[in-house]
Amino acid sequence: MIAFRILRPATLRLALCAGLAVLLPSLPAPALAACGASPGPGVDWSGCRKSGLILRDRDLGGAMLDNADLSGSDLSGATLAGASLVKTDLNRTRLDGADLRGADLSKALGARASFAGADLSEADLSKAELGRAELTDARLAGATLAKAMLGRADLRGADLSGADLGEAYLARADLRGATLAGARLEGAYLELARLEDLDLTAAEGLTQDQLASACGSAGTRLPAGLEAPEAWPCDATAGD
């Protein structure tokens, strides 16, 4: 006659857990951002609070910085080529002369950030919030700025050739001296945007209605089929 031993509930739970540990393969622990890691290529600071850092000329190529707080930091001259900065807080951050080629800054927060002279070629800045950002002489050739918020941004002298500015908000942005050959402007909001003496002959998607609300001059060159409005609706202080 076989005797059965009745296990207590606590003992039974322990036995079941031990059995599962043997039967199931060990699973890797979920990857966590290394917020304490030193800055360097490929560092993962996703979601980390790193505001106010001084990282001038540091190499952060390929870094994972999604949702990180880098507000008020100084990354002038830093290498961030190929880095991911999706939804990163860059408010008032300095990135002057930084290498951001091919970086992903989609939905980044960059109010009053400075990208003067930075290389953002082929970067993704779609839906980025860059109100009053400094982008003078920045290289944005082939960049995606679709639906980006660029109200009052300073884009003087920027290279926007081939850039996608579809549905971007550019109210009161200063584009004087910028290069827009091949830039796509379908649906871009250009109310009081500074277009004086700008060569727009090779820009794509520009409409008469957009021009009617922008700030141009006699020296503004327009694509074939478009004409300057009878009077540009702005004065010398329109971009202030």
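Computed from the coordinates by the stated procedures, all read-outs in this text should not be read as laboratory data. Remember, it's a predicted structure, so these values are computed and weren't measured experimentally. Cβ sites come from the backbone with ideal geometry, for glycine too, and all protein chains shown count toward neighbours.
Can you work out the FRET efficiency for the pair Asp209 and Ala37, with r the C-beta to C-beta distance and R0 = 35 Å, to the nearest 0.05? Show your work: numbers first, answer last.
Details: r = 50 Å, r/R0 = 1.44.
That gives a FRET efficiency of 0.10.
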Problem - Label zone at Asp57, where the point sits 7 Å out along the Cα-to-Cβ direction: the stretch 77-92 residues whose backbone N lies under 11 Å - result: 77-78
Fill in the blank from the handout: For the stretch 158-240, shape from the Cα gyration tensor axes a ≥ b ≥ c, cut at a/c of 1.5 then a/b versus b/c, turns out rounded
Handout entry: lysines with Cα under 26 Å of Lys147, excluding same-chain neighbours fewer than 8 positions away
Key = Lys87, Lys107, Lys127
Handout entry: For the stretch 98-215: relative contact order, % (alpha-carbon pairs under 8 angstrom, 6 or more apart)
Key = 17
Practice task
Please report the relative contact order for the stretch 41-112, taking Cα pairs under 8 Å with a sequence separation of at least 6, and give it as a percent rounded to a whole number.
Solution key: 28
Practice task
Could you go through the stretch 101-111 in sequence order and give the Karplus-derived ³J(HN,Hα) for each residue, using 6.51 cos²θ - 1.76 cosθ + 1.60 with θ = phi - 60°, rounded to whole Hz, and x for Gly and Pro?
Solution key: 4, x, 6, 9, 10, 4, 6, 5, 9, x, 4
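What is the order of Cys215, Cys234, fewest Cβ neighbours within 10 Å to most? Mind showing how you got there, number by number?
On the way: Cys215 25, Cys234 20.
Starting with the residue having the fewest Cβ neighbours, the order is Cys234, Cys215.
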Exercise for the section: Pop out the ³J(HN,Hα) list for the stretch 188-200 in order, Karplus 6.51 cos²θ - 1.76 cosθ + 1.60 with θ = phi - 60°, rounded to Hz; leave Gly and Pro as x. Expected result: 5, 8, 10, 4, 6, 5, 7, 10, 4, 6, 8, 8, 10
Exercise for the section: May I ask you to evaluate 6.51 cos²θ - 1.76 cosθ + 1.60, the Karplus curve with θ = phi - 60°, for each residue of the stretch 50-59 and list the ³J(HN,Hα) values in order in whole Hz, giving x for glycine and proline? Expected result: 9, 6, x, 7, 10, 10, 4, 6, 7, 8
Handout entry: Additional length obtainable on full extension of the chain from Arg49 to Glu167, 0.36 nm per residue less Cα span
Key = 39.3 nm
